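The values are calculated or read from the model by the stated rules, or taken from the named source; none is laboratory data. As the structure is a computational prediction, the values presented were derived from the model and not from experiment. A quick note on method: Cβ atoms are made from the backbone with ideal geometry, for glycine too, and the neighbour counts reach across all protein chains shown.
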């Protein structure tokens with residue numbers, strides 16, 4: 001009897017709590033079509049509108065006590081400013097593509113979702129569009145997005161073409177932080193470099209001599225860091241006028257061969273020259289004999305931190321990658337500083353490589369009824385993060401972007417200003433040089449400035465990232481800007497996701513990786529490269545080249 | 001029931017009557033037993049459902065091996081391509097070599113691993129001080145519990161050109177051995193490190209078998225003048241026969257699984273020629289390149305071959321050693 005009374009009481013309690021929860025929402029939002037309000041992008045809806053989204057994030061989100069993924073400063077902002085309720089059906093960092101595929105197979109697409117370039121098969125956009133599962137966003141973009149969002153098409157007219165079919169736009173590119181973040185630099189260990197008299201590195205021979213000096217005088221086990229994916233090595237190719245990126249991402253770096261035909265970087269004779277030099281580096285001990293086991297975040301990084309190597313070709317964000325760790329493990333001058341890649345001629349730096357930088361696309365289900373609401377949310381986020389007209393104080397902004405919370409501004413809605421870092425770099429450097437912070441108008445600027453100051457004034461290791469990226473005249477962005485100012489830039493012709501035809505090609509990446517490693521290790525001569533290239537073409541390279549020429553020439 | 005009258009009610013011959021009596025009385029027994037034991041049968045239902053959902057249900061997905069599958073079109077909408085995926089696979093030189101690599105590495109692991117475990121268990125059995133016996137047994141068993149992710153990190157460090165092993169070899173003037181970067185050495189590195197990691201498990205099993213052998217048999221052999229070696233070859237090993245057959249049979253069913261975790265964490269493109277196995281190739285092809293149908297084709301082929309090998313090994317185990325698992 002007691003049990004029955006207990007269960008009855010429990011059932012009543014549950015019923016009351018459900019009724020109470022239902023009562024919290026004054027006016028329930030709807031997913032049905034709602035006439036968008038007349039006026040600017042920031043005019044709120046009269047009737048609450050609901051958007052159901054999914055996001056490739058989550059595990060790194062931080063929420064204040066009582067907040068959650070569906071109730072945080074950002075979701076409250078959408079509601080307060082636009083009367084739009086954003087609800088995340090699910091968010092996940094790992095396995096986003098698999099979960100999205102499962103939703104697609106089950107016919108259970110969310111209203112809005114992102115197709116991140118790094119996680120999701122880039123061919124998926126084309127398949128969804130041709131199957132009629134994506135909403136045409138052309139009119140909504142033209143009518144309800146902010147002028148800033150629409151202006152991205154003017155700044156970079158090519159990227160949105162990748163998501164335009166028969167003149168209709170089916171996806172809003174998420175863009176990138178600026179092409180200034182694309183060129184890689186030669187990062188050298190500062191204390192060793194200065195101990196060697198900070199020699200000017202103008203030629204490849206200069207670089208090799210510096211590497212040998214690090215080995216002879218500073219205990220480096222080898223000269224130049226190379227990782228298992230060969231990406232660190234391939235990014236040194238511009239020194240020899242060769243161009244190639246991450247083979248696994250199909251970054252073959254396509255360019256005109258002079259006859260109007262687009263060819264991959266590996267098919268140009270300069271690549272064989274690069275191979276010969278890399279094989280010489282290996283034979284001379286400049287490359288670790290275990291390079292094929294060097295993981296970017298594992299042994300490869302450990303060797304940098306433990307002082308086994310002092311030169312690495314890498315991204316502009318090296319200061320975040322290894323800065324605080326190396327300062328903690330070595331000394332406060334042991335961090336690496338960026339230099340432009342030298343060029344065989346010695347007369348100028350090597351060209352900076354620019355790959356297709358777009359990080360993904362925002363799409364909507366064909367059954368989604370309120371694309372205007374999507375444009376409004378996208379515009380609001382952009383306004384908050386990148387606009388000089390954000391009517392918020394630094395303290396207000398901090399509410400939204402304090403440690404970790406900025407990520408709650410999700411990829412499902414975030415479009416990045418493709419000039420963001422170029423503008424940010426100039427404003428932050430100006431503020432650091434003059435002390436005048438009045439022109440720091442975005443949250444990003446504020447953080448980069450504060451972090452740089454933290455390193456300059458107090459040697460706080462967390463500030464190294466921003467400092468090395470943009471905080472002084474020799475920063476990575478300063479080096480990149482020098483390349484852009486002089487037009488020492490080479491852009492890939494494949495300015496878009498890999499064409500669908502790439503799926504028909506075989507394991508072309510495997511062939512390149514295996515054979516390049518054999519040549520570097522001296523197991524095969526570099527002169528074998530033309531026959532290896534024939535093999536690459538026979539096993540799918542031709543399909544890729546034809547597809548690139550069909551879509552991007 | 002059991003009245004000697006057939007189903008139509010006409011008298012039956014005595015022989016027929018007996019058969020029907022057995023039938024009905026047997027059925028009755030089953031029904032009566034079920035009546036008594038139904039709670040136990042209910043207990044097995046969840047396991048049955050789980051197996052059906054998670055082991056048999058997903059087999060439906062194997063049809064993608066015969067389709068040009070796309071998640072957008074789904075199983076019902078993806079076009080059928082017959083055996084095209086299999087033909088494409090066998091056209092790839094990389095795939096055909098992975099079959100050889102898989103078989104070589106896998107069979108070598110089974111053979112050497114079995115011999116190592118048998119030998120060590122026999123040696124261990126000869127230790128008379130039980131502390132040392134347990135100590136060595138534990139020592140060889142512990143690596144079995146360490147994941148290949150961690151083990152790969154340890155191995156890549158101690159097998160490095162300036163690692164512990166090469167430093168040790170250097171003491172004797174032996175040149176540096178590229179354990180993980182020389183295509184001719186890499187498969188053997190995989191085989192021996194796997195044997196080292198896993199033979200402890202086999203040792204425990206074989207040791208348990210040896211200890212269950214009747215000591216009187218050894219005593220009789222000693223009386224007949226048999227020395228230690230003769231006892232091992234003519235008593236211990238023959239008595240271990242059924243278990244060796246069982247272990248080898250179970251291992252044979254896994255022959256196309258050369259050890260994905262181990263190889264994926266230790267290999268590199270430079271050793272693809274001898275170290276790339278079906279699973280690692282499948283992973284690169286299916287997951288990194290999103291070619292689901294091809295991955296499905298390889299998976300199906302692997303399962304079919306494994307099933308055939310398992311059936312053959314069961315057949316030969318019965319024929320040769322008169323040993324039945326099922």
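Structural remarks
- Residue within the stretch B:41-58 that is in contact with a helix residue (DSSP H, G or I) (Cβ under 8 Å, 6 or more places away or on another chain), within 14 Å of chain A (Cβ to nearest Cβ), within 30 Å of residue B:298 (Cβ to Cβ) and modelled with pLDDT of 85 or more present: no
- Candidates A:522, A:541, A:509, filtered to the one that is in a loop (DSSP other than H, G, I, E, B) and either farther than 25 Å from residue A:276 by Cβ or touching a residue at least 60 places away in the same chain (Cβ under 8 Å) (or both): A:522
- So residue B:104, is it touching a strand residue (DSSP E or B) at 6+ places or on another chain (Cβ under 7 Å) and either away from chain A (no Cβ under 12 Å) or surrounded by 17 or more Cβ atoms within 10 Å (Cβ to Cβ) (or both): no
- Of all the criteria given as (1) away from every other protein chain (no Cβ under 14 Å); (2) at pLDDT 95 or above; (3) in contact with a helix residue (DSSP H, G or I) (Cβ under 9 Å, 6 or more places away or on another chain); (4) over 26 Å from residue A:187 (Cα atoms), the one not satisfied by residue A:549 is (3).
- Hits in the stretch B:280-308 - residues which are without any contact (Cβ under 8 Å) to a residue 24 or more places away in the chain and touching a helix residue (DSSP H, G or I) at 6+ places or on another chain (Cβ under 6 Å): B:282, B:285, B:286, B:291, B:295
- The set of residues in the stretch A:97-115 that are more than 14 Å from chain B (Cβ to nearest Cβ) and assigned to a strand (DSSP E or B) comprises A:112, A:114.
- Residue list for the stretch A:503-549, restricted to those being surrounded by fewer than 19 Cβ atoms within 10 Å (Cβ to Cβ) and under 18 Å from residue A:255 (Cβ atoms): A:537, A:542, A:546, A:549
- Residue count, the stretch A:123-138 (criterion: in contact with a strand residue (DSSP E or B) (Cβ under 8 Å, 6 or more places away or on another chain), in a loop (DSSP other than H, G, I, E, B) and more than 9 Å from chain B (Cβ to nearest Cβ)): 3
- The stretch B:65-83, subset away from chain A (no Cβ under 11 Å) and under 31 Å from the mean Cα position of the chain (by Cα), residue surrounded by the fewest Cβ atoms within 10 Å (Cβ to Cβ): B:82
- Pick from the stretch B:268-306, criterion part of a loop (DSSP other than H, G, I, E, B) and either at pLDDT 85 or above or more than 10 Å from chain A (Cβ to nearest Cβ) (or both), ranking: farthest from residue B:187 (Cα to Cα): B:268
- Subset of the stretch A:76-96 that is crowded, with 20+ Cβ neighbours inside 10 Å and either within 14 Å of chain B (Cβ to nearest Cβ) or assigned to a helix (DSSP H, G or I) (or both) - its residue that is modelled with the lowest pLDDT: A:96
- Within the stretch A:477-502, tally of residues that are over 23 Å from the mean Cα position of the chain (by Cα) and either within 14 Å of chain B (Cβ to nearest Cβ) or at pLDDT below 95 (or both): 1
- Where helices (runs of 4 or more DSSP H) fall entirely within the stretch A:441-494, none has at least 2 residues that are buried (at least 23 other Cβ atoms within 10 Å of the Cβ), in contact with a strand residue (DSSP E or B) (Cβ under 8 Å, 6 or more places away or on another chain) and in the same structural domain as residue A:325 (by TED's automatic domain parsing).
- Within the stretch A:239-259, the set of residues being under 21 Å from residue A:518 (Cα atoms), more than 14 Å from chain B (Cβ to nearest Cβ) and assigned to a helix (DSSP H, G or I) comprises A:240 only.
- Test for residue B:179: is it within 24 Å of residue B:110 (Cα to Cα), free of Cβ contacts under 8 Å to residues at least 24 places away in the same chain and surrounded by 18 or more Cβ atoms within 10 Å (Cβ to Cβ): yes
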